Each structure stands twice: as structure tokens, then as C-alpha cells.
Amino acid sequence: MCEACHTEMEKAMFEFMFSTGCRIGEIVSLEKDDINWSNRNCKMISCSPIHPFL
């Protein structure tokens, strides 16, 4: 699947989705302030009513 990616950004998004289980809508809703680069984590707001915060 990753071989079908044409740009570095596509590869990064694919790897992020694959490794975290996040959906496109959850990734698109991410903002810079949601990412903690020093701890290498991010705050996600899920689209799922079962798990609203990841």
C-alpha cells in the first residue's frame, strides 16, 4: 500500500493512519497545538461516540 504513495506527505499520512488507527477525519481535524513534539504524542478527538477522546 505504501508503495502507491507518490509524495512524502502521502507516505507520512499513510504511516500515521496505519500505526495509530486514526481515520482521515480525525487526522484532518488535528491542529498544531494538538501535537506534543517533545513527548511524541498528540491529542485526538475521535469521530466515534464510543471513544470521543483518544
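A short reminder: the numbers here are calculations on the coordinates, not readings from a lab. Computed from a prediction, not measured in an experiment: that's the story for all the values here. Cβ coordinates were reconstructed from backbone atoms using ideal geometry, including for glycine residues, and neighbour counts include every protein chain displayed.
Here are a few things to note about the model shown:
- Placing a pseudo-label 7 Å from each Cα along the Cα-to-Cβ vector at D34 and F16 gives an inter-label distance of 0.9 nm.
- Between C42 and N36, the built amide H atoms are under 5 Å apart, and every one of these is 5 or more places off in sequence or on another chain.
- Taking other C-beta atoms within 10 Å as the exposure proxy, R23, R40 rank R40, R23 from fewest upward.
- Coupling constants for region 26-40 follow from the phi torsions by the Karplus curve (6.51 cos²θ - 1.76 cosθ + 1.60, θ = phi - 60°), and in residue order they are 6, 5, 5, 7, 5, 10, 3, 5, 7, 9, 9, 5, 5, 9, 6 Hz; glycine and proline get x.
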